[in-house]
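Here the structure is laid out as structure tokens; the discussion comes afterwards.
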Amino acid sequence: MTRTPLIFAAGVFYPGGEHITGWRSPAAEPTAYLDIDYYTRFAQTAEAGRFATLFLADELYVWDRFRSGIDHGVNVRLEPFTLLSALSQVTSRIGLAATVSTTYNEPYHAARKLASLDHLSAGRAAWNLVTSASDEEARNFGREAHLEHATRYRRGAEFVEVVNGLWDSWDDDAFVFDKRSGRFADRSKLHVLDHRGDHFAVRGPLNIPRPVQGHPPLFQAGASEAGRDLAGRTADAVFTLGGGDLAGGRAQYDDYKRRAVAAGRTGDDLSVLPWFSPIIGATAAEAEERFRELARLTPDRVQVDLLSHYLGHDLGDRDLDGPFDFEFDLDSFNQSKSGYAAIQSLSAQGSFTIRELAWEVLRRRFTLGTPDTLAAHLIEQYEQRAADGFILMAPTLPDTLEAFVGEIVPRLTDHGIYPAEYEGDTLRDHLGLARPRGRYAA
Ligand SMILES: Cc1cc2nc3c(=O)[nH]c(=O)nc-3n(C[C@H](O)[C@H](O)[C@H](O)COP(=O)(O)O)c2cc1C
């Protein structure tokens with residue numbers, strides 16, 4: 001079987017880019033953040049670059065744990081399904097992926113919204129499953145503390161089972177619409193799920209026909225043991241933080257593929273899409289200068305507060321130029337375990353002050369280079385099987401996406417690993433995935 005060509009997803013974390021103060025960069029348009037034209041331009045640029053999908057990140061709270069969250073950069077954004085529905089009408093090929101928290105949603109809601117978006121977009125909907133990470137989110141949904149890590153992943157797994165079951169409520173040909181006889185739907189093609197599990201009791205059926213794609217693709221980004229396991233069993237693509245160098249990337253790639261196989265699937269059923277956050281310059285020196293410019297727009301305080309957030313521990317009252325001597329305890333930590341473990345391993349690589357470590361965490365998110373060196377990096381990662389594609393998390397928008405599509409995409413197409421045209425119509429087509437049959441279909 002030939003390998004699916006390189007896959008790109010275009011992520012929007014903050015509207016001004018993935019970097020928290022990206023909104024201050026020269027090309028950013030912070031006053032346009034609620035403006036459909038701003039997102040239309042983003043979506044159409046990504047579609048011109050044959051991206052498989054857009055992806056809208058989401059969180060269910062305002063980051064006010066630290067003052068800098070409000071003073072310098074805050075996580076306000078449009079609700080993903082609302083925005084993607086609008087974008088479905090100004091695009092025709094690109095996938096539309098919404099983030100769904102399985103901790104603070106019910107599966108019936110999610111199945112219905114995804115099916116609706118899939119019908120409105122003629123087969124381009126997808127979801128990014130997150131289990132959420134913070135107590136702030138819990139407090140918006142009637143709890144004081146976030147669900148415990150293992151429990152929230154078990155709930156996430158059951159959530160997927162229920163959503164998939166609800167999507168199969170109706171066979172593909174259940175609706176007859178026969179005006180003459182008055183027959184609307186064929187009763188024998190309707191299936192009642194009657195799910196009763198540890199976290200959900202859902203009778204069904206779903207009140208919308210089976211999605212165009214059967215099951216809209218499932219993306220995931222949890223990278224802890226529990227997160228990887230769930231991805232191996234259920235995800236169509238996984239967003240990873242990459243494994244560092246090529247050997248690390250390959251090991252991580254193999255790990256996900258192994259988990260898919262262990263779950264009775266094939267390695268090809270799960271695409272591995274590492275994080276790619278490029279800072280693009282005409283020369284290496286120009287890329288370095290762009291990084292410095294971005295750093296100048298970021299107060300130290302913001303970086304230190306972010307580090308405090310990732311660690312679930314406020315470092316702000318310590319001497320920032322004193323040594324970083326934090327006691328890690330991964331087992332009891334209840335936010336993102338993989339992010340926490342990554343900081344633990346980074347801090348063990350040298351002796352850092354708090355301020356230095358905060359900046360090093362930022363620096364490691366980016367890949368700096370020219371269009372030639374960045375394209376060569378992507379080609380190597382794909383060809384050496386450290387990646388099936390990438391999740392482009394542009395540090396600044398809209399300029400980074402435009403530069404990527406204008407300068408890097410043509411190099412990948414010329415190299416023969418990236419399509420010159422979209423080949424199929426649905427997102428499943430772009431991901432090289434067959435359409436699943438309904439579970440009750442003969
Ligand atoms: C590319 C990417 C995008 C992500 N988007 C979101 C998001 O939109 N919302 C969210 O709560 N977490 C998001 N995450 C975080 C993960 O989904 C996951 O919640 C986190 O890593 C904690 O999982 P863990 O404990 O399994 O490590 C994202 C992670 C990555 C790498």
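What to note about this one:
- Computed from the Cβ-Cβ distance with R0 of 22 Å, the FRET efficiency linking D173 to D194 stands at 0.45.
- Integer Hz, Karplus 6.51/-1.76/1.60 couplings in order for the range 208-221, x for Gly and Pro: 7, x, 3, x, 3, 8, x, 10, x, x, 10, 9, 8, 9
- Mean residue ellipticity at 222 nm, helices only, the chain: -11000 deg cm²/dmol; runs of at least 4 DSSP H residues each add -39,500 (n - 2.57), and the sum is divided by the number of residues.
- Unit charges at the beta carbon, dipole of the range 286-363: most positive-side option, G312, S351, G339: G339
- Using C-alpha pairs under 8 Å with a sequence gap of at least 6, the mean separation divided by the residue count of the range 71-140 gives a relative contact order of 36 percent.
- Cut-off 14 Å between beta-carbons: net charge of the residues surrounding A138, Lys and Arg +1, Asp and Glu -1: -1
- Distance (nanometres) between label positions extended 7 Å along Cα→Cβ at N105 and E327: 3.9 nm
- Neighbours of S101 by Cβ distance under 10 Å: Lys/Arg scored +1, Asp/Glu scored -1, total -2.
- A crude spin-label estimate for the pair N334 and A201, with each label 7 Å from Cα along the Cβ direction, gives 2.6 nm.
- Part-to-part distance (alpha-carbon centres) for the range 347-374 and the range 92-106, which is given in Å: 30 Å
- Cα-based reach from K257 at 25 Å (exclusive), listing lysines while leaving out same-chain residues under 8 positions away: K337
- The phi torsions of the range 318-328, fed into the Karplus equation with coefficients 6.51, -1.76 and 1.60 and a -60° offset, translate into couplings of 8, 6, 5, 9, x, x, 7, 10, 8, 8, 7 Hz, rounded to whole numbers, with Gly and Pro shown as x.
- With contacts taken as Cα pairs under 8 Å at a separation of at least 6 residues, the chain carries a relative contact order of 22 percent.
- Neighbour-count ranking [beta-carbon atoms within 10 angstrom, fewest first] of V62, V192: V192, V62
- Approximating the spin labels as points 7 Å out from Cα along Cα→Cβ, the R292-to-S345 distance works out to 3.1 nm.
- Measuring nothing but how far apart in sequence close Cα pairs (under 8 Å, 6+ apart) lie, relative to its length, the range 254-299 scores a relative contact order of 20 percent.
- Residue-span extension gain [R187 to E383] - 0.36 nm each, minus C-alpha spacing: 65.6 nm
- Taking other residues whose beta carbon is less than 15 angstrom from the beta carbon of D329, and scoring Lys, Arg as +1 and Asp, Glu as -1, yields -3.
No lab work stands behind these numbers, since they all come straight from the coordinates. Quick caveat, the model's predicted, so the values are computed rather than measured. Glycine gets a Cβ as well: all are built from the backbone with ideal geometry, and neighbour counts include every protein chain shown.
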